[in-house]
1. Within the set of other residues whose C-beta is less than 15 Å from the C-beta of residue 147, count the net charge using Lys and Arg as +1 and Asp and Glu as -1.
2. Counting only protein heavy atoms and using a 1.4 Å probe, what share of the accessible area of the stretch 16-72 belongs to carbon plus sulfur, as a whole percent?
3. Rounded, prolate or oblate: which fits the stretch 113-163 when a ≥ b ≥ c are the square roots of the eigenvalues of the alpha-carbon gyration tensor, with rounded for a/c under 1.5 and prolate only if a/b beats b/c?
4. On the full set of protein chains, 1.4 Å probe, figure out the accessible area of residue 112 and give it in Å² to the nearest 10.
5. For labels at residue 41 and residue 56 in the simple 7 Å Cα→Cβ model, what's the distance in nm?
6. What does the extension gain come out to for residue 115 and residue 84, with contour length at 0.36 nm per residue minus their alpha carbon separation?
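The values are calculated or read from the model by the stated rules, or taken from the named source; none is laboratory data. Keep in mind that what you see is a predicted model, and the values were worked out from it rather than measured. Backbone-built Cβ (ideal geometry, glycine too); neighbour counts: all protein chains shown. The area values use the complete protein model at the heavy-atom level, side chains included, leaving out ligands, DNA and RNA. Shrake-Rupley method; radii C 1.70, N 1.55, O 1.52, S 1.80 Å.
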Amino acid sequence: MTAGTTTIAPRTTAEHELAALQRDHGRPLFALLLRLSDGDRQRAEDLVQETFVRAWQHPEALRADDFDSVRPWLMTVGRRLAIDARRARQARPAEVGDHILDNARICADHAERSAATLDVREAVKTLTPEHREVLVLVYFQGASVAEAAAALGIPPGTVKSRAYYALRALRRVLPGYAADLR
């Protein structure tokens, strides 16, 4: 070195030093992070990688004379990264897979429900008074066949027959709702 020349200390850890760090401390670090990741190997591998990136970015911590081994420093950094990752996952809503979305029930919104109610009311008005009475009692008011028969003064078989023909007539008037009228 000549007089007047200054040497600049390297700002990052050399590649061979990182390879040695990974060889010497990679397995114990991975084991720790695998436990902290609840057995998720991919997440643990990502955390190991991020830990070594931090080591590469902070060579001063690896070369400090304050400790004999860098393993405690690596383990602390890895543990903190795992904690941060867990907190980040808990802070955002759980992800939903495509298979769940494909099987999810689609609920009609208020406007669609209101429109359907109006359609059904108009369709019920087209029924004969006898069919309408049975339909209202059995399907809208929840009466049993026996209760509807007693209220209308007709045999239970007639209630069943009128209900069947009332639904059949509604299916003709409301073709888009046929699946709901079964």
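1. Details: positive: 160, 162; negative: 133.
Once positives and negatives cancel, what remains is +1.
2. Here carbon and sulfur together make up 48 percent of the probe-accessible area.
3. It is prolate, given that a/c is not under 1.5 and a/b is the larger ratio.
4. 110 Å²
5. 2.3 nm
6. Additional length available on full extension: 6.3 nm.
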